[in-house]
Amino acid sequence: MVQSHGNNDEYFHSEAKVYSLRSNCWRRIKDVCFYLKFNRKFGFLANNALHWMVFKTPQSDNRNLVGFNLGSEEFRFLELPDFCLDKLFWFGIKAMGGDLCLTATYREINNVVVDVWIMKEYGVKQSWIKSISWNEPHNISDSPVAAPLAFSKNGNKVLFNIAYKWCHLRKRGGKFVWYDLGSQRVENVGNRQIPTSFDVDLFVDSLVPLNSNAQQ
């Protein structure tokens, strides 16, 4: 996707292209109807579609979820669940266990609450289910970002990355914890090799190697 705009969003243009490994060339598809607004994050894959958090207009402050179907090569907006937007200070969305997963972190009196929503039926707003509501002020403090990463092999636990932003140093630090879905207990994951400052990204192996057309 390529987007260009002028000063103060007076001019705005966007277009989307798909690269084909078979033909080894780019081709333009239907233009996008949203605004990335300097979002440099990669799209995440779920239900055979790439997803981004976007804005419908350059002037909008409301974020929307859009998906690009890799089969039909079409964009569509997906509705988010109704959560505490007035209390919210961070939320993120990604894929976990093959489904869309939204994490909303907000303050409630003196506590920090982390809600995790899972979309059980793709594209259906009513299928969003709040699977976790984690209220642990002694484990989460100092304006953190709590992001679920993966389920355990038996599906009974969720691995979280608790990241702390150090704005004056422009660094991120944090830790990893297991959250038990049954007992709601939290267990720290010890790893002495983790550096003081780090970030976390999820790796998804491609079904098609980039050099698939190259001669062996």
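We did not get these values from a lab; they are worked out from the coordinates using the rules stated. In this text, all values refer to a predicted model and were calculated from it rather than measured experimentally. So basically every Cβ, Gly included, is an ideal-geometry build from the backbone, and we count neighbours across all protein chains shown.
Values for this structure:
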item: Distance between modelled label sites at Trp26 and Lys130, nm, 7 Å Cα→Cβ extension; result: 4.4 nm
item: Inter-site label distance for Glu15 and Lys56 at 7 Å from Cα along Cβ, in nm; result: 2.6 nm
item: Cross-link table Lys94/Lys120; Lys56/Lys94; Lys30/Lys125; Lys94/Lys130; Lys130/Lys175, entries beyond 18 Å C-alpha to C-alpha; result: Lys56/Lys94; Lys30/Lys125; Lys130/Lys175
item: For peptides 20-32, 96-108, sequence by mean Cβ density within 10 Å, most packed first; result: 96-108, 20-32
item: Calculated FRET efficiency for the pair Asn111/Val189, C-beta based, R₀ 25 Å, to 0.05; result: 0.60
